[in-house]
Each structure stands twice: as structure tokens, then as C-alpha cells.
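First up is the structure itself, then whatever we jot down about it.
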Amino acid sequence: MVATADNTPRHLQLLAALVRQRRVALGFSSKEKAAEACGLSHMPYRNVEAGRPVSDLTYAKIENRFGIIPGSCRGVLDGADSVKLLDGTELIHGAKINRPSLAEMTEEVRQVINAAASLTAPELTLGQAQEMTQLVVKELQRRGILPSGS
């Protein structure tokens with residue numbers, strides 16, 4: 001079913017920008033490569049990025065391949081200002097998701113554990129708190145949550 005006429009050009013253009021943004025973030029260098037990855041012919045995909053209405057099936061194929069929660073494209077056409085991704089993040093036009101490096105995460109974990117130790121067990125010495133922190137970090141590394149050697 002082709003998107004209905006009540007979808008304003010503004011909504012179609014926003015969806016086009018979001019899809020384009022996601023394509024680039026996923027490393028597809030061209031619309032053609034993205035279309036092929038989605039199992040679409042080039043024209044329907046180009047129509048999406050051009051802000052022209054396409055079938056709901058086309059949107060569904062893009063959502064599936066681009067890791068977008070099903071129905072999010074329709075949501076934008078109905079007035080939403082973003083799409084939700086399967087990893088739990090939200091894609092907002094023009095915004096960049098900033099993820100800390102694993103080394104930065106390891107350091108943050110250390111700082112949080114030290115702060116929690118000082119608040120919940122003030123009788124611990126600095127050395128004991130640091131030892132506990134190191135044990136927790138090593139366990140998180142063993143489980144593969146934090147990188148080894150940090």
C-alpha cells in the first residue's frame with residue numbers, strides 16, 4: 001500500500017533524511033548498495049531518499065535491514081520526529097550518537113565503583129576500595145563486558 005496523501009511533504013522529507021543518515025552510518029556508500037542490501041530495486045529506495053511515498057513493504061524492508069524498529073517509518077509519516085533502532089537508541093535527524101570507547105567505559109566503571117564504595121562502606125581504606133574496584137573490573141573483563149588489559 002502506498003503511503004497516503006495525508007503524509008505531508010515535510011514528513012516524507014524527514015523520513016528521507018533519517019533513512020539517508022542511517023544508510024551512511026551503516027557504511028553503505030551508495031543508494032544502490034543500500035537498495036540491494038534491503039532486497040529492493042533501486043527505484044523504490046531512491047524514492048524513499050527523495051522524499052516520495054512508497055509502499056509499506058518497501059519501508060518494512062528498509063527497517064529490517066537498517067535495524068529500525070518495525071513501524072518506525074510509518075510513525076514518522078504520521079508525525080513522529082525520529083525512528084527507534086533495535087539497539088534501543090533513537091535516530092534523530094542531524095544528531096549523532098556518541099558512544100564512549102571501551103577504554104573510557106572501563107575508566108568510568110572504576111570511578112563509579114570507587115565512589116559507590118566510599119558512600120556505602122566509608123570504613124574501607126583507599127587500598128581496599130581500589131582492590132575491590134580492580135576485582136570488579138577483572139570480573140567484567142572475564143565476562144567479556146569490558147576489554148581485557150584496561
*Do the conditions hold for residue 111, that is, is it open to solvent by 50 Å² or more (accessible area, probe 1.4 Å) and either in contact (Cβ under 8 Å) with a residue 12 or more places away in the chain or within 31 Å of the chain's Cα centre (by Cα) (or both)?*
yes
*Assuming residue 145 fulfils every condition listed in (1) open to solvent by 50 Å² or more (accessible area, probe 1.4 Å); (2) part of a helix (DSSP H, G or I) apart from one, which condition is it?*
(2)
*Can you find a residue in the range 74-89 that is of a type outside the set (Gly, Ala, Ser) and without any contact (Cβ under 8 Å) to a residue 12 or more places away in the chain?*
yes
*Return a yes/no flag: does the range 86-95 have any residue that is at pLDDT 90 or above, open to solvent by 50 Å² or more (accessible area, probe 1.4 Å) and charged (D, E, K, R).*
no
_Pair list, Cβ under 7 Å, 6 or more apart: the range 46-57 residue farther than 15 Å from residue 74 by Cβ, other residue of a type in the set (S, T, N, Q)_ = 51/13
*Considering each residue of the range 33-43, count those that are of a type outside the set (A, V, I, L, M) and within 14 Å of residue 23 (Cβ to Cβ), and give that number.*
4
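The values are calculated or read from the model by the stated rules, or taken from the named source; none is laboratory data. Because the structure is predicted, anything quoted here is derived from the model rather than measured. Neighbour counts run over all protein chains shown; Cβ positions are idealised from the backbone, glycine included. All accessible areas refer to the heavy atoms of the entire protein, side chains included, with ligands and DNA or RNA removed. Shrake-Rupley method; radii C 1.70, N 1.55, O 1.52, S 1.80 Å.
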